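Here's the structure we're looking at; comments come further down.
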């Protein structure tokens, strides 16, 4: 069975108001008014404002990580070019996920830390799990030699968070521009890590980059076997 309809309305209302005003500027009565419910209905499901904020974020984080796992199914022992293709897909998925849920993103990015120890721990755990997942994926990609995959994963997460915030608050860059430019930056880094793979591996990268209209280099003119 799913969540009761009343609870779903309250969760949606809390998400909307937090994204508009910030956690500290809303009251329980604001949430119930936004949901079109009585204030008393709130306390059937939540003990206080912190509790509903926690659940909104927890539900989103769990959904995101479950969706992430779908990218890994059936992708064992993939090479660097295949890994780069997955990165492109993940950038696209992540940006679209949060553009469809701006309130969720702004709640965690701008209003999360400092609300309560429990919520701080929730955000920290989600970020740590995401770092771990990306680090493991980097280590599994053949031909990529990364000495510190955790730091690389942190760089990727930080880039996505900052760009997503700009997209939501200013409308720029466009989704297409964000995905392609972030993929290009990741590509340049992975190419440098994959030099040990030699000419053949670089050609794989070049072919992929051409396929998504991001030719960092032209293998026919910039590479030579001489």
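The values are calculated or read from the model by the stated rules, or taken from the named source; none is laboratory data. If you're wondering where the values come from, they're calculated on a predicted model, not measured in any experiment. Cβ placement follows ideal geometry from the backbone for every residue including glycine, while neighbour counts extend to all protein chains displayed.
Structural remarks
- Selection status of residue 31, over 25 Å from residue 186 (Cα atoms), at pLDDT 85 or above, surrounded by fewer than 14 Cβ atoms within 10 Å (Cβ to Cβ) and not assigned by TED's automatic domain parsing to the domain that holds residue 185: no
- Listed conditions (1) modelled with pLDDT under 95; (2) touching a helix residue (DSSP H, G or I) at 6+ places or on another chain (Cβ under 7 Å) are all met by residue 2, apart from (2).
- When each of 63, 3 is tested for being under 19 Å from the mean Cα position of the chain (by Cα) and either farther than 30 Å from residue 91 by Cβ or assigned by TED's automatic domain parsing to the domain that holds residue 116 (or both), the lone residue that passes is 63.
- For region 104-124, a residue qualifies if it is over 14 Å from the mean Cα position of the chain (by Cα), surrounded by 18 or more Cβ atoms within 10 Å (Cβ to Cβ) and at pLDDT 80 or above, and the qualifying residues are 119, 122.
- The set of residues in region 7-25 that are at pLDDT 80 or above and either surrounded by 15 or more Cβ atoms within 10 Å (Cβ to Cβ) or not in a helix (DSSP H, G or I) (or both) comprises 7, 9, 10, 11, 12, 13, 14, 15, 16, 17, 18.
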